[in-house]
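The values are calculated or read from the model by the stated rules, or taken from the named source; none is laboratory data. Since the structure is predicted, the reported quantities are computational estimates derived from the model, not experimental observations. Positions of Cβ are backbone-derived with ideal geometry, glycine not excepted, and every protein chain shown enters the neighbour counts.
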Amino acid sequence: MRFHRLALLALPFSAALAQQQPPAKVYTNADSIRGSNGRARAWWDATFYDLHVTVNPADSSIRGWNTIHYKALKQSPGIMQIDLQEPLDVDSIRQGSDYMTMHRDGNALMVILQSSQKTGENREITVYYHGKPRVARRAPWDGGFVWTADSLGRPWIATADEGLGASVYWPVKDYLADEPDSQRIAITLPDSLQDVSNGRLRSTKHNDNGTTTYEWFVTNPINTYNVEVNAGHYAHFSDEFAGEKGKLTLDFWPLDYHLDTAKVQFKQASSMLKCFEHWFGPYPWYSDGYKLIETPHLGMEHQSGVAYGNKYKNGYSGRDLSGTGEGMKWDFIIVHESAHEWWGNNITVKDHADMWVHESFANYAENLYAECQDGKQAGATYVIGSRRNIKNDEPIIPKYGVNAEGSGDMYYKGGAMLHMMRLIIGNDEKWRSVLRGIQSTFYHQTVTGKQVEDYINKNSGIDFSPVFEQYLRTTKVPVLEYKNSATQTLYRWNNVVDDFEMPVRANGRWLTPSSEWQTMAKTDSLIVEPDFYVEVKKVEP
Ligand SMILES: [Zn+2]
């Protein structure tokens, strides 16, 4: 999920608007500190986060601590960057018996190390903190804490911080390329509320001050923006899925008064898992289980605990993003956010600039799900219809190293690109083996977008480099130009990157246009099949 730009979807696509280039973005030093692997980060690797947070709905505050377990990868520069966003305050930072000093550089804590950190050594450091974390007013599109009430007026609390980052509410190395190998999430709440976080519930402890601590534990690497607090009046029911790796537990956490509705709607989780295991390989977190947790915001791909706020309706908030009817046959949030368990969570990009690996594949997964339910034409109809949401206002991939996220076209244009690649490969089993191969090759890893591109090129047997270049790094839509001579039709690509070659189906056959004119039997009208996201233009001879 991201959908920063989805709010604009209701606007008709305007070609004129698309031609306007936005002013170049200005990135600050703070963006670099946040988004790059700087010297105070690169020397250490987070191995385990032991997070404890007490949530106080009465004044929208939190208080807690995180013990960061880490391994020194190389000689430290004497400083350690830990991220904790303002306005949260640090109470103390301790390593062993040492109280550490630090200076704040915006949202980064630059901690002065007092003891040597030997290369290869495993160490711990604990940050104690408190304050009123940033309030999310438009979650999940902004980030922070959602403090709201359910329809019975009882407190309902959630977190969402994709993009903004986990450091909005806990101290962490807020850098996508470094995931802990496992994590504890211990959330303390007033007794009346129940917390549901990622992984499995290990213990529930009633404290003597009217609070209860829920200790959740994730046994796998987790991207930190997925670490969640969900507190409310939940009901719980379970199911099992017989999957590729055996028995997978399914746990569902609707609000108590939605239990019956959820028992119907959440049946889609099993058909989703069946479809995605077929196309992508085993669900990545058998040991942590699969969960859907009702949230006051629309949804987020929180690992092994998908946040669900689609109000038990099919479509995307009751709408069909494709405009074809296909998108109303299933629950967008169950399908899209769960697809991120493979694309985003199992393999996570190292830099937000490559977020297309999360969103293009999750969008493409929607069309595969439509296909699993209703056949190949349904999937194609959905992906073709969804192209109406493409804006071509900015390239999908922005600047690296500054936590920039790329354009909203990473959804529909990225999905359209993947759909074309499947057709060009022309062998569904090979395409499936490529998708599954990405998942198994980079299992539980962080990746660059380039690694994924290279994998597809190598294992599909087709060099898609110019296709990636065109669709991910420019806003130009390829134009298939054609013109007639006395005896022939000539055709070529225009509005394309250098050396652009992409086969395309037109008039019932494959063409392999390049930037040079090629010839075919004369036709008055060249019609490209709708699966291809290109334009066609007849030009004067
Ligand atoms: Zn998404």
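Odds and ends about this structure:
- Pair list, Cβ < 8 Å and 6+ apart or interchain, from region 357-368 residues that are over 12 Å from ALA380 (Cα atoms) and more than 10 Å from the ligand (Cβ to nearest atom) to residues that are at pLDDT 95 or above and assigned to a helix (DSSP H, G or I): VAL357/GLY449; VAL357/VAL452
- Taken over region 148-171, the criterion of being in contact (Cβ under 8 Å) with a residue 12 or more places away in the chain, more than 19 Å from the chain's Cα centre (by Cα) and in a strand (DSSP E or B) is satisfied by THR148, PRO155, TRP156, ILE157.
- Contact annotation: residue pairs with Cβ atoms under 7 Å, 6 or more positions apart or on different chains, pairing a residue in region 517-541 that is over 12 Å from ARG492 (Cβ atoms) with a partner that is surrounded by fewer than 12 Cβ atoms within 10 Å (Cβ to Cβ), are LYS522/THR487; PRO541/SER485.
- Filtered residue count, region 309-367, keeping only those that are closer than 18 Å to ARG388 by Cα, assigned to a helix (DSSP H, G or I) and acidic (Asp, Glu): 3
- Selection of region 301-343 for residues being within 15 Å of LEU368 (Cβ to Cβ), within 12 Å of the ligand (Cβ to nearest atom) and small (Gly, Ala, Ser) yields SER338, ALA339.
- Condition met for HIS69 (under 28 Å from the mean Cα position of the chain (by Cα), touching a residue at least 24 places away in the same chain (Cβ under 8 Å), surrounded by fewer than 21 Cβ atoms within 10 Å (Cβ to Cβ) and within 30 Å of ASP195 (Cα to Cα)): yes
- Test: residue in region 413-426 that is touching a residue at least 40 places away in the same chain (Cβ under 8 Å) and either in a loop (DSSP other than H, G, I, E, B) or over 17 Å from PHE464 (Cα atoms) (or both): no
- Residue match in region 270-277 (condition: among the basic types (Lys, Arg) and crowded, with 17+ Cβ neighbours inside 10 Å): no
- Candidate set from region 166-187 (those that are of a type in the set (S, T, N, Q) and touching a Phe, Trp or Tyr at 6+ places or on another chain (Cβ under 8 Å)); member that is surrounded by the fewest Cβ atoms within 10 Å (Cβ to Cβ): SER182
- Scope region 150-171; condition aliphatic (A, V, I, L, M) and out of contact with any strand residue (DSSP E or B) (no Cβ under 6 Å at 6 or more places or on another chain); matching residues: LEU152, LEU164
- Where a residue in region 462-487 is within 20 Å of LYS450 (Cβ to Cβ) and its partner, wherever it lies, is in a loop (DSSP other than H, G, I, E, B) and among the hydroxyl-bearing types (Ser, Thr, Tyr), with Cβ under 8 Å and at least six apart: TYR471/TYR533
- A count restricted to region 317-332 and to residues that are buried (at least 23 other Cβ atoms within 10 Å of the Cβ) and free of Cβ contacts under 8 Å to residues at least 60 places away in the same chain stands at 3.
- Of all the listed residues (THR348, THR295), the sole one being among the polar types (S, T, N, Q), over 30 Å from ALA235 (Cβ atoms) and either surrounded by 22 or more Cβ atoms within 10 Å (Cβ to Cβ) or in the same structural domain as HIS444 (by TED's automatic domain parsing) (or both) is THR348.
- Filtered residues of region 263-295 (kept if of a type in the set (A, V, I, L, M), without any contact (Cβ under 8 Å) to a residue 60 or more places away in the chain and in contact with a strand residue (DSSP E or B) (Cβ under 6 Å, 6 or more places away or on another chain)): LEU292
- Unmet requirement for GLY449, which otherwise passes all of (1) surrounded by fewer than 22 Cβ atoms within 10 Å (Cβ to Cβ); (2) in the same structural domain as ASN345 (by TED's automatic domain parsing): (1)
- Scanning region 430-445 for residues that are more than 15 Å from ILE462 (Cα to Cα) and free of Cβ contacts under 8 Å to residues at least 40 places away in the same chain turns up GLY437, THR441.
- None of GLY163, GLY143, GLY199, GLY131 is over 26 Å from VAL357 (Cβ atoms) and either small (Gly, Ala, Ser) or in contact with a Lys or Arg (Cβ under 6 Å, 6 or more places away or on another chain) (or both) except GLY131.
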